[in-house]
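Have a look at the structure below, then the notes.
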Amino acid sequence: MIRILMTGFFILVFFLFQITIGRSIAIASVAPNLLLILSSEFGFVRGQKTGIWVGFFCGLMLDIYYGDAIGFYALLYMIIGYLNGFFHQLYYDEDITLPIALLTGSNLLYGFFVYVIRFLLRNRLSLSYYFSHVIMAETVYTLLIAVIVYRPILKMNRFVEKIEKRSASKFG
């Protein structure tokens, strides 16, 4: 139960930071994607199921806030959380290279799908411009923020695991 509450708290805080502070610290109208960091990190730290659920709720909050179509971001973030969950077995707490590599791939995948659905289907065919000015800039900015928020999320996960082990030993 505490894991669900803490995860919900992180989703809410990251969502609020993304829609408020993220917009104010945007550089050249590119803001870091905090919810993508959260979805991918929970995917490879906790596995595919958690990645799907965290991705769903992160995406659903964006869908509701931006209001274009309910489900696009939820599906996209679910896929990203699920794909990152495949690497749960390779995950090691202190190694930050795998999370950074996965986040880079996740951000590139996210940017490509947003381009295809939002621009390519509307006959806006400037993929090279969008890739160099939006996708790459957002990827670099998101990675810089991810290096900062990776440790606090990891510490929260360890804290919750410690509480779960303590309560499981009482009943075991």
Conditions (1) open to solvent by 40 Å² or more (accessible area, probe 1.4 Å); (2) in a helix (DSSP H, G or I): number failed by residue 103 = (1)
How many residues are buried (at least 20 other Cβ atoms within 10 Å of the Cβ), modelled with pLDDT of 90 or more and of a type in the set (Phe, Trp, Tyr) if we restrict to segment 16-49?
-> 1
Do the conditions hold for residue 116, that is, is it open to solvent by less than 60 Å² (accessible area, probe 1.4 Å), more than 23 Å from residue 147 (Cα to Cα) and in a helix (DSSP H, G or I)?
-> yes
Filtering segment 50-90 down to residues that are outside any helix (DSSP H, G or I) and buried (at least 17 other Cβ atoms within 10 Å of the Cβ) yields 87
For segment 134-145, pairs from a residue that is over 20 Å from residue 96 (Cα atoms) to a residue that is of a type outside the set (Phe, Trp, Tyr) and open to solvent by 30 Å² or more (accessible area, probe 1.4 Å), with Cβ under 7 Å and 6 or more apart or across chains, are 135/108; 137/28
Of (1) out of contact with any helix residue (DSSP H, G or I) (no Cβ under 7 Å at 6 or more places or on another chain); (2) in a loop (DSSP other than H, G, I, E, B), residue 93 satisfies all except one. Which?
-> (1)
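The values are calculated or read from the model by the stated rules, or taken from the named source; none is laboratory data. The structure displayed is predicted, hence computed values, not measured ones. Neighbour counts are summed over all protein chains in view; Cβ atoms, including those assigned to glycine, are modelled from backbone coordinates with ideal geometry. We work out accessible area using only protein heavy atoms, side chains counted, and drop any ligands, DNA or RNA first. Shrake-Rupley method; radii C 1.70, N 1.55, O 1.52, S 1.80 Å.
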